[in-house]
Amino acid sequence: MMEAVSPVEQEIGEEIDARMTAERREEKFLMTAEQARAIAAEVNRRLVMHRHRGDGANTLPGAHHFVTTIYFDTPSRALFRAAHTSVDSHIKLRAKEYYDLHPELTETATDARQLVRFQPILWLELKHREGENSGKRRIGIPKRDVPAFFADATITPEMVKIQEQTYGRDARVVLAAVAELCASCAEPMRADCLVSYRRIAWQDPAGELRVTIDNGLAFYAPPDDLWIRDWALLRSTLGPAVGTEPRRVLELKSHGALPAWLLDVLRAEQVEPLAYSKFDAASSAVHG
């Protein structure tokens, strides 16, 4: 059975998550599976694994957590070109869907859908970077409502209700601000490429540090049924991958200096931060 998430626990978790997505320092590393295992072991000793605590929170043990990210761009790839023109300052527009696979249910499931837990909500993120600092504004939109939101700035009562958990009375204002920014582009926004990967995440209790390790990155062109499907965006249903990243991606998101223990394990594994973009890799793979 799913363990219930108390209202107090949910509210605290949402407040911490909101702090973590505010202006912050962000670094990325590419590493081998062996390096990732060593770093994960140390992080696991120091931090608690992070999980979604809101409506539909999944606490079944043994789940594998996956993310499918949809990156948006214009027909002329204006956001892709802007990111290359200004490495230290750019904007990305993406939407994430989270789902969990439960391999322990394989023997009893009569339908592949029984192995999956997911919310039919895409978490649209407007992400900006200025030098080493990044931040994002995040809104939840039911998958079926995304095309109308981009095409006509349509805001439904259901969309407002989702945002009220985070933004309260400002929910409609936040939605309107994101819609206005999308509409300000000279060309319409559309789904450009998809990235699917398995994620393990840790976070400190105060929301000062988040560590994530992504593996099995695969890149896809948008499927024809992207906005009409009533099932999760499982990688097995996205068609053939147009590219992959065999290395693991470590991301460190923090407010202030990194702790000494984390710097020590990074030095021990001889990994250095670098500029890596899932959007760049996926868009390049899709468009050649």
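The values are calculated or read from the model by the stated rules, or taken from the named source; none is laboratory data. Treat the numbers as computed from the prediction; the structure is a model and nothing was measured. Cβ atoms come from the backbone with ideal geometry, glycine included; neighbour counts cover every protein chain shown.
Tabulated data for the structure shown
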read-out: Test for Gly168: is it part of a strand (DSSP E or B) and not hydrophobic (A, V, I, L, M, F, W, C); value: no
read-out: Residues of the stretch 202-218 satisfying the condition of being within 11 Å of Ala40 (Cβ to Cβ) and either at pLDDT below 95 or polar (S, T, N, Q) (or both); value: Thr212, Asn215
read-out: Selection within the stretch 263-282 - within 30 Å of Ala221 (Cα to Cα) and of a type outside the set (Gly, Ala, Ser); value: Pro273, Leu274, Tyr276, Lys278, Phe279, Asp280
read-out: Residue list for the stretch 155-165, filter: closer than 14 Å to Leu124 by Cα, in a helix (DSSP H, G or I) and touching a helix residue (DSSP H, G or I) at 6+ places or on another chain (Cβ under 7 Å); value: Met159, Val160, Gln163
read-out: Index of the failed condition, Ile121 passing every other in (1) at positive phi; (2) at pLDDT 70 or above; value: (1)
read-out: First in the stretch 222-235 and under 14 Å from Val195 (Cβ atoms) and free of Cβ contacts under 8 Å to residues at least 40 places away in the same chain, second anywhere and surrounded by fewer than 18 Cβ atoms within 10 Å (Cβ to Cβ) and not acidic (Asp, Glu), Cβ under 7 Å, 6 or more apart; value: Pro223/Gly239
read-out: Unique match (being farther than 20 Å from Ala38 by Cβ, touching a strand residue (DSSP E or B) at 6+ places or on another chain (Cβ under 7 Å) and part of a strand (DSSP E or B)) among Thr212, Thr244; value: Thr244
read-out: Enumeration of residues in the stretch 236-257 that are free of Cβ contacts under 8 Å to residues at least 60 places away in the same chain, aliphatic (A, V, I, L, M) and over 14 Å from Thr68 (Cβ atoms); value: Val242, Ala257
read-out: Some residue of the stretch 248-269 being within 28 Å of Ala78 (Cα to Cα), assigned to a loop (DSSP other than H, G, I, E, B) and of a type in the set (A, V, I, L, M); value: no
